[in-house]
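I have placed the structure first, in the form of structure tokens, so that the comments after it can refer back to it.
Bear in mind that the values in this text are calculations on the coordinates, not laboratory data. No experiment lies behind these values; they were computed from the predicted model shown. Methodologically, a virtual Cβ is constructed for each residue, glycine included, from the backbone with ideal geometry; neighbour enumeration extends over all protein chains shown.
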Amino acid sequence: MVYTRRTVWPLVLGIIMVAYAYLVQAGMLEPVIKFLGTGRITGEMQILGYTFGAIGIVIGLLQLLVPPKEGQGDYYLSMVGGVLFIMMVAFIVKWGLDPLMAQWGRQAQPALGFNFASVMNLNYVVMGILAGIIIVNVFKVPGWAENGVRLSRLGLKTGVILLGALYSLAELAQLGRLSVVLIGFFVLGSVGVVLWMGARRNMPNSMTGVLAAGVGVCGVSAAVASAPVVKAKSTEIAYTIGTILLFGVLCMFLFPIIGKAMGMGFIQFGAWAGTGILNSAQVAGAALAFQPNGIETLKVAEIFNITRVLFLPIIVLWLAVWYVRREVGAEKVDLVQVIVGKFPVFVLGFILMFALSSTGIFAPAQHYQGSYFDNSDKAMTTKDKDGKPVSKLLGDKDLAALQADAAKVQRQDQKAALQRLIQNKKLMSIDDDDTLRGVVNAKIMGKAANDVLTKAHRAVRHTAKKIAMFRDLIAWFFTFGLVGLGMQITMASIKQAGGQPLVVGSIVGVIKAVGSLIVVWLLVAETI
Amino acid sequence: MAEDKFDRGSALTVFKTDRHEDFMALVLSLVIALLVYLFV
């Protein structure tokens with residue numbers, strides 16, 4: 001079978017990509033880039049545009065000029081068209097739609113009272129899948145791209161392995177015991193209940209597995225990460241994401257109303273939102289809706305949210321073993337033999353990256369997704385354009401601005417943190433940093449003092465370059481994988497999947513929300 | 001995309017088996033991790 005189609009399209013896509021990269025490099029797209037706020041990623045636009053463009057031009061010309069012959073060269077080179085096709089869509093999603101939607105979300109926030117783009121998770125993950133679905137159902141995937149589109153799952157698996165680098169064991173150890181116990185109970189419980197209900201309702205194992213991860217752990221990313229583990233179909237991933245987002249939006253509006261009606265404190269509500277709401281952006285949305293002028297609720301909710309995300313490696317392993325057993329029928333065969341034969345190797349890659357990241361080779365071991373606190377002398381010194389060392393300690397003017405407004409701060413913990421900052425000219429601990437972020441958020445002091453507090457915060461918070469690079473790469477692998485997956489979702493396959501996931505997901509979501517409300521109400525005191 | 005369009009792999013992958021795909025993803029990730037570790 002000959003796979004290569006003699007078409008001009010890979011060449012055309014290559015030329016468009018190179019032209020785009022050149023226009024970015026020459027500054028001709030400056031107004032568009034400024035409008036979208038994508039100035040930070042112009043380097044990425046050039047590197048990817050030139051690289052994929054050059055590949056498209058060379059391979060496109062080769063395929064046009066040399067008649068294809070059956071063999072390895074034909075098989076592998078014919079994938080280039082599909083890769084370019086997906087990348088073209090991915091460029092539009094990542095460099096166009098994603099920033100555009102984020103901007104619209106921010107602009108509409110004052111009128112709506114919430115950021116719809118953030119709440120509805122309208123980022124590259126969801127838009128990538130949607131773009132793929134629209135293409136396959138409205139326009140069809142062109143024949144010359146079909147072979148390459150089959151590489152999308154490889155992209156997704158590679159992204160999942162690299163995802164392990166964003167987490168570290170030390171971060172898990174730092175979390176409060178209560179959050180680990182509470183989250184552990186509800187995450188593992190939710191996963192268990194979905195697996196049980198899925199089996200009772202005769203749902204396919206792949207559908208049950210991906211829904212369990214989505215409902216149990218952290219929503220969309222967990223669903224995407226676990227999908228290849230249980231060999232979920234594209235439609236099942238789309239259904240799970242739809243269920244999580246719909247249920248999450250409902251929770252985001254209902255949780256603050258219920259919390260206020262019950263007279264919950266900041267810590268109680270933060271713990272409940274962080275445990276009961278399925279998706280990270282919606283957790284933050286609910287916490288901010290509950291306490292718009294402070295950061296205490298958000299902080300607690302974030303701690304619980306991080307704890308939940310850090311359960312992902314455990315859930316991925318659990319689902320891998322569960323799926324292998326269910327598919328083969330473990331009562332008839334040796335489990336060890338089955339696992340050796342069937343266990344998805346890329347899950348081990350994810351665990352390996354998690355282990356490597358925990359050793360601190362990519363970033364200080366206590367990092368979370370690349371962000372870490374460091375106020376050492378070395379970290380508090382930077383270099384100017386000429387390479388001369390510049391101190392990040394607060395200057396006399398900064399200290400004067402803080403002292404001028406210090407009397408406005410009334411709470412004892414905030415007062416103490418502020419005094420320590422003034423004395424040492426830098427933030428002395430993560431707790432002080434969090435406490436003073438609350439002061440900034442509540443606008444207790446004037447603008448000048450708030451700017452100094454923000455400056456002090458930025459001086460001690462660092463982002464590891466290696467982890468930042470991993471994040472960028474993961475985003476690209478996921479976009480590539482999800483656009484390709486979307487291209488496999490036809491309307492017929494959506495109808496075939498039925499409404500089961502929505503029912504099971506909603507039931508378990510409600511059980512989790514009510515269960516965590518009762519536990520938090522009974523166990524969590526305001527003073528933790 | 002129908003299964004019979006491809007005589008190698010399946011409708012979802014270009015690789016012979018899932019394990020081939022897993023190993024390829026693992027190798028790709030480790031190469032990327034090494035490059036990030038060395039050059040970033």
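Things to note:
- P(r) tail, segment A:143-253: Cα-Cα pairs separated by more than 17 Å, 63% of all pairs.
- Available extension along the chain between A:Met28 and A:Trp196 is 54.8 nm, counting 0.36 nm per residue and deducting the alpha carbon span.
- Charged side chains reduced to their Cβ positions (Lys and Arg at +1, Asp and Glu at -1) give segment A:219-320 a dipole of some 120 debye around its Cα centre.
- Only one residue of B:Val40, A:Ala379, A:Val328 has its Cα farthest out toward the positive end of the dipole of the protein assembly as shown, where Lys and Arg carry +1 and Asp and Glu -1 on Cβ, and that residue is A:Ala379.
- Shielding of A:158-170 by partner chains, average beta-carbon count, 10 Å: 3
- By other beta-carbon atoms within 10 Å, ranking A:Arg437, A:Arg153 with the fewest at the front produces A:Arg437, A:Arg153.
- At the listed q of 0.25, 0.27 Å⁻¹, the Debye profile of segment A:59-125, built from one uniform point per Cα, gives log10 I(q)/I(0) equal to -0.99, -1.07.
- Principal-axis tilt of helix A:345-358 within chain A, Cα atoms, nearest 10 degrees: 30 degrees
- Packing rank of A:198-211, A:94-107, where each peptide gets the mean count of other beta carbons within 10 Å, highest leading: A:198-211, A:94-107
- Counting all C-alpha pairs of chain A, share separated by more than 39 Å (%): 31 percent
- Fewest-first sequence of A:Ile244, A:Ile277 by Cβ atoms within 10 Å of each Cβ: A:Ile244, A:Ile277
- Test item: Cα-centred dipole of segment A:9-114, Lys/Arg +1 and Asp/Glu -1 on Cβ, debye: 260 debye
- About the Cα centre, charge dipole magnitude for the protein assembly as shown (Lys/Arg +1, Asp/Glu -1 at Cβ), debye: 300 debye
- Loop-resident trypsin sites (Lys or Arg not before Pro) (DSSP state other than H, G, I, E or B) in segment A:219-268 with no more than 15 further Cβ atoms inside 10 Å of their Cβ are absent.
- Distance from segment B:4-40 to segment A:125-171 (C-alpha centre basis), Å: 13 Å
- Charge dipole of chain A about the Cα centre (unit charges at C-beta), most positive-ward option of A:Ile351, A:Ala213, A:Trp9: A:Trp9
- Straight-line cross-link reach from A:Lys465 at under 17 Å between alpha-carbon atoms covers these lysines, not counting any fewer than eight positions away in the same chain: A:Lys378, A:Lys383.
- Tilt relative to chain A, helix A:79-91 - C-alpha long axis, 0 to 90 degrees, to 10: 30 degrees
- Evaluated at q = 0.19 Å⁻¹: base-10 log I(q)/I(0), Debye formula over Cα of segment A:58-98: -0.62
- Positive-end residue of A:Phe255, A:Leu453, A:Leu48, charge dipole of chain A with Cβ unit charges: A:Leu48
- Taking N as its residue count, the alpha carbon Rg of segment A:399-528 over 2.2 N^0.38 Å: 1.71
- Against chain A, whose longest principal axis is taken from its Cα atoms, helix A:266-276 shows a tilt of about 10°.
- Pairs with C-alpha atoms separated by more than 22 Å, drawn from the list A:Lys94/B:Lys16; A:Lys157/A:Lys233; A:Lys94/A:Lys512; A:Lys466/B:Lys16; A:Lys34/A:Lys157; A:Lys94/A:Lys392, are A:Lys94/B:Lys16; A:Lys94/A:Lys512; A:Lys466/B:Lys16; A:Lys34/A:Lys157; A:Lys94/A:Lys392.
- Here the spin labels are modelled as points 7 Å beyond Cα on the Cα-Cβ line, and at A:Gln46 and A:Thr463 they lie 2.0 nm apart.
- Counted by Cβ distance under 11 Å from A:Lys299, the other residues give a net charge of -4, where Lys and Arg count +1 and Asp and Glu count -1.
- Divide the volume of the convex hull around the Cα atoms of segment A:371-463 by the residue count and you get 97 Å³ per residue.
- Per-residue packing, averaged as other Cβ atoms within 10 Å, sorts the ranges A:70-79, A:156-165 into the order A:156-165, A:70-79, beginning with the highest.
- Entry note, chain A: the mean residue ellipticity at 222 nm calculated from DSSP H runs of n ≥ 4, each adding -39500 (n - 2.57), is -22500 deg cm²/dmol after division by the residues and rounding to the nearest 500.
- Segment A:9-114 - Rg over Rh from alpha carbon coordinates, Kirkwood radius: 1.14
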